[in-house]
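The next block holds one structure in the form of structure tokens; read it before the comments.
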Amino acid sequence: MKHELYAGTAIIRTHGHFAEERQDVTRLLKEAAMRGRGIAEFPAAGLARLEAEEFAWPELDRWRAFFAQREKFPPLWDEVKRIPNLRDSPEIRDAYRRHKFYLLLDWLRSLEASRSALAHYRERGVRAKITRQGDGARCPACDPFNHREVKHKREELPPFHPGCRCLVVAITDV
């Protein structure tokens with residue numbers, strides 16, 4: 001499978017970016033993955049135009065409802081817990097939009113990283129599991145998957161939600 005397939009499929013589910021812009025994001029993700037870079041190292045000039053645009057991301061909205069119902073949001077969600085309205089300052093609306101775009105990039109990068117890690121382990125005959133990284137705070141979405149061995153279903157791979165800090169790691173028998 002092509003490297004960009006997972007991110008390319010996931011970004012199609014957003015609304016408000018043109019096809020060319022989605023291709024640009026997918027290309028940036030591919031280049032960053034090939035160089036071992038994170039989102040913070042993406043070229044700022046190329047992203048400034050995209051992060052300034054309004055876009056709809058139904059996946060984020062679905063997860064916002066999930067976390068709001070449980071009254072527990074993941075750590076990276078501080079700026080997107082609440083959707084700003086027109087009475088909010090332009091700075092608040094801009095910060096929300098930028099952070100939502102950051103979460104989208106992080107989501108896409110994580111999709112690629114998890115699938116690449118699993119493929120790497122499988123090629124070497126190594127079993128893999130899901131491990132949640134971070135401060136140890138509980139996450140209602142991730143807790144059921146923490147320390148679970150990865151089988152063959154791709155939908156059981158992180159990221160489970162935008163801002164997910166779960167990783168696919170090798171199982172080492174000590």
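Some points to look at:
- Non-local lysine pairs in region 55-174, meaning eight or more places apart or on different chains, with alpha-carbon distances under 29 Å, amount to 10.
- In the context of the full set of protein chains, residues of region 74-174 present 56 Å² of accessible surface per residue (probe radius 1.4 Å, heavy atoms only).
- Area of residue 89 that stays accessible when all protein chains are in place (1.4 Å probe, Å², to 10): 40
- Annotation: peptides 118-126, 91-99, ranked by per-residue average of other Cβ atoms within 10 Å with the highest first, follow the order 91-99, 118-126.
- Based on alpha carbons, the Rg and Dmax found for region 53-158 are 16.4, 56 Å.
- Per residue, the convex hull spanned by the Cα atoms of region 115-174 measures out at 89 cubic angstrom.
The values are calculated or read from the model by the stated rules, or taken from the named source; none is laboratory data. Keep in mind that this is a model prediction, so the values were computed, not measured. FYI the Cβ positions are ideal-geometry reconstructions off the backbone, even for glycines, and counts take in every protein chain you see. Keep in mind that these areas ignore ligands, DNA and RNA; they rest on the heavy atoms of the full protein, side chains included. Shrake-Rupley method; radii C 1.70, N 1.55, O 1.52, S 1.80 Å.
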